[in-house]
Every structure is written in structure tokens, then in C-alpha cells.
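These notes concern the structure reproduced below.
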Amino acid sequence: MREYKLVVLGSGGVGKSALTVQFVQSIFVEKYDPTIEDSYRKQVEVDGQQCMLEILDTAGTEQFTAMRDLYMKNGQGFVLVYSITSQATFNDLVELREQILRVKDTDKVPMVLVGNKCDLEDDRVVSREQGLALTGQWGGCTFLETSARKKVNVDDVFYDLVRQVNRCMPEKDKKKSDKKSKCMIL
């Protein structure tokens, strides 16, 4: 069974842990408890293939920056999360993505941009169009709006990322040198 190392990144309080726990355990975590780093494993089936996902739920961008390079280096796919209720969390992702590309030393990395908390429409600050425009600037990575509370698009985020990793690094090429692959996965 193929293993996937997926990393969930974004500012503090955007719902990274809520998304991850909702996906792995199908429960919504109401209280905010800042994460240092949590790792989860979940077996799923994507397009008829059994997959073992190792999901790293990370600290907010402003904390524990020394650890960040290491999990960026080891991650195969990245979930970049912002809250639709906070412009600052959206703006933070540009620098975060640049850091991933720098650490991976490539411009093509499996990635999903996630606008979380779409159930808080009345508090929306970041428009859906802003999210779509950003992914356009990034070369068209996947963009989804999610709600960990209502379980909207949560599974789609992780399944899409698995599909991107599969396209970027097909299983049969795994035994060959990673340098031959279009995407450097270390």
C-alpha cells in the first residue's frame, strides 16, 4: 500500500486541526487549542487504490518556524489553509507557498488552497474570487472552500491532494531516481 506524506499549513486559528480531525475521525473540534505538531494516519481508498495517509498538522505560521523547513522537505503534498473571515491569514499563504517551493527546489508541488470556515458566510472577508485568483497566479492548483464544522469539502481536499501526488510521482516511477520526475519529492 502506498504511503503519502501530507502537510497542513496556515496561520494560527484558521482551522487546520479542525479540518484534519474532521477528515481522520469525523468529529468537529470546537475549542481552539494551538497545535505544536500532530501526526495522524488514515487508510483511505482513492480511485480504487488503497492509500495510507500520514497527515502532519502543523503549528500556525508565526510559531515554530525552525521545524517548518523539515516538514516541507519531507512532505509530498500540502494543504494551505486560510480562514475566509481573515484577510491576514489569506495573505500569509503567499510567503508560505514560496517557502515550500524554495525548500523543495521546484516550482511544481502538489498543493490545495483551502478557504476554511465557509459556514461563516456572514463574517466573510476573503471572497471566493480572491481564492480563485490566487490559484490562477500559482499556476492553477486546486482551490476549495471548506467547513470543518459542517464537513463541507473536507474529504475532497485530501483526496485531491493524493491524486496530485499520483500525477506528479506515479507509483511505478517511485523506484527510479526522483530527479527524473517533474516534481521533486524527497
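Scanning region 24-43 for residues that are open to solvent by less than 80 Å² (accessible area, probe 1.4 Å) and part of a loop (DSSP other than H, G, I, E, B) yields SER26, PHE28, VAL29, PRO34, THR35. Against the numbered list (1) over 19 Å from GLN164 (Cβ atoms); (2) within 17 Å of the chain's Cα centre (by Cα); (3) not in a helix (DSSP H, G or I); (4) not charged (D, E, K, R), VAL21 comes up short only at (3). Scanning region 1-12 for residues that are of a type outside the set (D, E, K, R) and crowded, with 17+ Cβ neighbours inside 10 Å returns TYR4, LEU6, VAL7, VAL8, LEU9, GLY10, SER11.
The values are calculated or read from the model by the stated rules, or taken from the named source; none is laboratory data. Just so it is clear, the structure is predicted and the values come from calculations on it, not from any experiment. Here Cβ is always computed from backbone atoms with ideal geometry, including for glycine, and neighbour counts include all displayed protein chains. Note: areas computed on protein heavy atoms with side chains; ligands, DNA, RNA excluded. Shrake-Rupley method; radii C 1.70, N 1.55, O 1.52, S 1.80 Å.
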